[in-house]
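Working notes for the structure below.
The values are calculated or read from the model by the stated rules, or taken from the named source; none is laboratory data. These figures come from a predicted structure and were not determined experimentally. Cβ coordinates were reconstructed from backbone atoms using ideal geometry, including for glycine residues, and neighbour counts include every protein chain displayed.
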Amino acid sequence: MADLRELYQDVILEHSKAPRNYRELASANHKAEGFNPLCGDHFTIYLSLDGDSIRDIAFQGSGCAISKASASMMTQSLKGKTRAEAAKIFGQFHDMVTGHASSESDQAGLGKLTVFSGVSEFPARVKCATLAWHTLQAAIEGKQEAISTE
Amino acid sequence: MSTATKKKLAQARPAQARPVRLHFDVEKIREDFPILRQKIRGKPLVYLDNAATSQKPQVVINAITRFYERDNANIHRGVHFLSEHATEEHEAARADVQQFLNATHSKEILFVRGATEAVNLVAQTFGRAHVGSGDEVLITGMEHHSNIVPWQLLCEEKGARLRVAPISDQGELLLDEFSALLGPRTRIAAITHVSNALGTVNPVRRMIELAHERNVPVLVDGAQAVPHIKVDVQALDCDFYAFSGHKVYGPTGIGVLYGKCALLEAMPPYQSGGDMISSVTFEKTIFNKLPYKFEAGTPNISGAIGLGAAIRYLNGLGIDNVAAHEHELLYHAAAAVSAVPGVRLVGTAKDKAGVLSFVMEDVHPHDVGTILDQEGIAIRTGHHCSQPVMQRFNIPATARASFALYNTREEVDALVSGIRKVREVFA
């Protein structure tokens, strides 16, 4: 159970039950769909970009607790950030969940997102934690095709 | 094969002579499966992902090892001792499959990579020859992707139409609808014997009868059926029957397509190359006789031999005994799992085999799978390569426990307490 609690931290469970920014964004000027074909997770990320900065961000879809909480907390942490800042946070987040973060300073700037550090002990769940982020990247880059974790 | 060789082979096959057990001693049987002895995350392995692939008994592992240690040579071509011996072993495995399915001739048994390749073979040969523009291919609403996509591709290529017989809320085929969809343009029906996502056993015999009344040939996908049900292709009167070796205690990479002799004779070849020819000149090639016409290239020799060993092992236990044991497990599991608050079974057909699919209120199946894995319990979560089934029930995925002859009531109980733990974590 100890390991499980590392993965399913209360914050994660809470976000998965009551996801933030869970809506269609009327003002969105960027949008992308992401799938995890193995488990059927499916999210749409809506983005309102004002020049270089993320004015608003929201999401909809279905998935496991990890993927939903990750999407929810991503929207919270990226609102108001520039594209470069968002890319940097994603880089740090990715390193953390794949177990590649080598020091505390690598995680500086992740803030509450560090609750996902337990994912690195569950390699099969890395795709769940990063689905929303990959989808966001596709939305920013304006890719038309749905992105897939496979 | 010479009479002397047949005799020798018969002597080398003790499994056939094993008496049918009156009591199904599952603890004794578990000793035959070395993989089950291990612990996962400090807990005894509870392997309930048998619909994905089954574990292998020692006799199968030994048969493969022995082939490479003692018998390895290419088949159907050597004049030397080893090649002849390997050929005999390979063809003896074909005879094992023939008896297993009760086919009339061993030449009706084609070795392929698995059920997927078997369906593709029929779609690409029989299908391309008989399905034309405006024609129809009939499948059911509970097919695995491997019995959907090959037909979809064929229909796209030919301008034909894929028709789908719907299923009920319990996951049972609507037989009247199936019957009504068998029309004058239906060129083939491809139906699953047992649903991998729901566990439903289809009334295939009746379905085949209905199809034959309209002169429609039928392919049966038996991947989930052969481990649980005695299959008799003559009694079913199916035109094609496909299954995978690895789901029935054999190795991966080997499977079987049964086809009625007359149909196979008339079909064009699938892949071409060595072994499937009688003579080749640059002007013309004469194809080999059945079954070799459909077996181009060096086949999976050790795989076929391993499958033969698996079939003899299953015969030794008695498929009826296995079926009775699994039936009891499945119904015990269905009752116990559905009694957990917030759990709903998906697929509640009257006649089921091997599979228990379920969803939990407010918990995604993937999270169920991770938590059970921490308890050493292996299940499958996801859409099980049956996305249309998930769409039918309006769910993204299910958690699926699937049973084999070596599973026990204690393992079912472990599953149930694991599911209760899921509730605790998500409380």
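At-a-glance table
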quantity	calculated
Options A:Arg83, A:Arg125; residue that is in contact (Cβ under 8 Å) with a residue 40 or more places away in the chain and away from chain B (no Cβ under 14 Å)	A:Arg83
Matching residues, region B:351-375, being under 21 Å from the mean Cα position of the chain (by Cα) and either within 11 Å of chain A (Cβ to nearest Cβ) or assigned to a strand (DSSP E or B) (or both)	B:Lys352, B:Val355, B:Leu356, B:Ser357
All positions within region B:283-299 that are in a loop (DSSP other than H, G, I, E, B) and either touching a helix residue (DSSP H, G or I) at 6+ places or on another chain (Cβ under 9 Å) or without any contact (Cβ under 8 Å) to a residue 24 or more places away in the chain (or both)	B:Glu283, B:Lys284, B:Asn288, B:Lys289, B:Leu290, B:Pro291, B:Pro299
Qualifying positions in region A:16-32 - within 14 Å of another protein chain (Cβ to nearest Cβ) and either assigned to a strand (DSSP E or B) or over 16 Å from A:Leu131 (Cα atoms) (or both)	A:Lys17, A:Ala18
The lone exception for A:Gly51 - which of (1) on the phi > 0 side of the Ramachandran plot; (2) buried (at least 19 other Cβ atoms within 10 Å of the Cβ); (3) small (Gly, Ala, Ser) it fails	(2)
For B:Ala401: the one exception among (1) surrounded by 18 or more Cβ atoms within 10 Å (Cβ to Cβ); (2) among the small types (Gly, Ala, Ser); (3) out of contact with any His (no Cβ under 7 Å at 6 or more places or on another chain); (4) under 27 Å from A:Glu14 (Cα atoms)	(4)
Residue match in region A:100-108 (condition: touching a residue at least 24 places away in the same chain (Cβ under 8 Å), touching a helix residue (DSSP H, G or I) at 6+ places or on another chain (Cβ under 8 Å) and either crowded, with 19+ Cβ neighbours inside 10 Å or not in a helix (DSSP H, G or I) (or both))	no
Residues of region A:99-120 classified as at pLDDT 90 or above and over 20 Å from A:Gly63 (Cα atoms), total	5
Residue within region B:227-236 that is closer than 22 Å to B:Glu31 by Cα and outside any helix (DSSP H, G or I) present	yes
Per-region count, region A:60-71, residues within 10 Å of the chain's Cα centre (by Cα) and either more than 14 Å from every other protein chain (Cβ to nearest Cβ) or not small (Gly, Ala, Ser) (or both)	2
Any helices (runs of 4 or more DSSP H) falling wholly within region B:124-224 and containing at least 1 residues that are closer than 21 Å to B:Gly255 by Cα and touching a residue at least 24 places away in the same chain (Cβ under 8 Å)	B:149-158, B:204-213
Checking B:Gln387 against (1) more than 10 Å from every other protein chain (Cβ to nearest Cβ); (2) closer than 13 Å to A:Gly40 by Cβ, the condition it does not meet	(1)
Qualifying residue in region A:79-94 (condition: under 13 Å from A:Lys127 (Cα atoms) and not hydrophobic (A, V, I, L, M, F, W, C))	yes
Residue within region A:2-13 that is more than 13 Å from A:Ile140 (Cα to Cα), within 14 Å of another protein chain (Cβ to nearest Cβ) and polar (S, T, N, Q) present	yes
Test: residue in region B:217-229 that is modelled with pLDDT of 95 or more and surrounded by fewer than 20 Cβ atoms within 10 Å (Cβ to Cβ)	no
Only listed residue being more than 10 Å from chain A (Cβ to nearest Cβ), surrounded by fewer than 18 Cβ atoms within 10 Å (Cβ to Cβ) and out of contact with any strand residue (DSSP E or B) (no Cβ under 7 Å at 6 or more places or on another chain), chosen from B:Asn394, B:Asn407	B:Asn394
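Conditions tested, residue by residue: (1) in a loop (DSSP other than H, G, I, E, B); (2) under 13 Å from B:Val412 (Cα atoms).
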| residue | (1), (2) |
| --- | --- |
| B:Tyr313 | no, no |
| B:Asp320 | no, no |
| B:Ala323 | no, no |
| B:Glu328 | no, yes |
| B:Ala333 | no, yes |
| B:Ala336 | no, yes |
| B:Leu345 | no, no |
| B:Ala349 | yes, no |
